[in-house]
Amino acid sequence: MMFTFETTVKPEWIDYNGHMQDAYYGLVFSYAVDAMQDEVGFDAEYRARTGCTIYLLEDHKFYLREVKVADHLRIETRILNCDEKRFHLHLQMLNDGVVAWTLGPLVSDAFCSSRML
């Protein structure tokens, strides 16, 4: 199953080289994971009911192509694998249909109160 998130590159995300600053790639990917969580039921109601949320354990980013102000981005998120406590995602950022960045995070479901993974 694939989940999608779309956004446009904002002027404040642009660095002194004229392309999106690296920190904002992480922000856009984070927004995409938030949208995926809502779609699969890890939403605010789930967090309130269970006291659980997800945490990023590890990620691997691969830069393939720069993006610039006003570019339209589409993030495609796929769940590659999961068990009772963790899931491994693959995200790709497309700019005009061409992959610009990929991200492979491993995230964990954990209790907020104990912060135990």
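Throughout, read-outs are computed from the coordinates displayed, never taken from laboratory work. Everything numeric here is computed off the predicted structure, so don't read it as measured data. Heads up, the Cβs are rebuilt from the backbone with ideal geometry, glycines too, and the neighbour counts pull from every protein chain shown.
What's the magnitude of the charge dipole for the chain around its Cα centre, counting Lys and Arg as +1 and Asp and Glu as -1 at the beta-carbon? Answer in Debye, nearest 20. If you can, show how the numbers build up before the last one.
On the way: 11 positive and 18 negative charges, 37 e Å.
With Lys and Arg at +1 and Asp and Glu at -1, about 180 debye.
At 7 Å along the Cα-to-beta-carbon direction for both CYS52 and GLU84, put a label point, then send me their distance in nm to one decimal.
Computed distance between label sites CYS52 and GLU84 equals 1.0 nm.
What do you get for the angle between helix 22-40 and the principal long axis of the chain? Use alpha-carbon atoms, 0 to 90 degrees, nearest ten.
40 degrees
Would you calculate the separation in nanometres between label points at LYS61 and LEU106, each defined as 7 Å from the Cα along the Cα-to-beta-carbon direction?
The modelled label-to-label distance comes out at 2.0 nm.
May I ask you to order 34-47, 85-98, 11-24 by the average number of other C-beta atoms within 10 Å around their residues, highest value first?
Values: 34-47: 14.3, 85-98: 16.2, 11-24: 12.6.
Per-residue Cβ counts within 10 Å, averaged per peptide and sorted highest first, yield 85-98, 34-47, 11-24.
Once phi is turned into θ = phi - 60°, what whole-Hz ³J(HN,Hα) does the Karplus curve with 6.51, -1.76 and 1.60 give for every residue of the range 90-103, x standing for Gly and Pro?
10, 10, 10, 9, 10, 10, 6, x, 10, 5, 9, 9, 10, 9
Go through (i) 159; (ii) 149; (iii) 113 and flag the label whose value is the computed volume of the Cα convex hull per residue in Å³ for this structure.
Given (i) 159; (ii) 149; (iii) 113, the structure-derived one carries the label (iii).
Explain nothing, just compute: Karplus ³J(HN,Hα) = 6.51 cos²θ - 1.76 cosθ + 1.60, θ = phi - 60°, for every residue of the range 57-65 in order, whole Hz, x for Gly and Pro.
9, 6, 8, 9, 9, 10, 7, 10, 7
Mind checking which lysines have their Cα closer than 23 Å to the Cα of LYS10? Skip sequence neighbours fewer than 8 apart in that chain.
LYS61, LYS68
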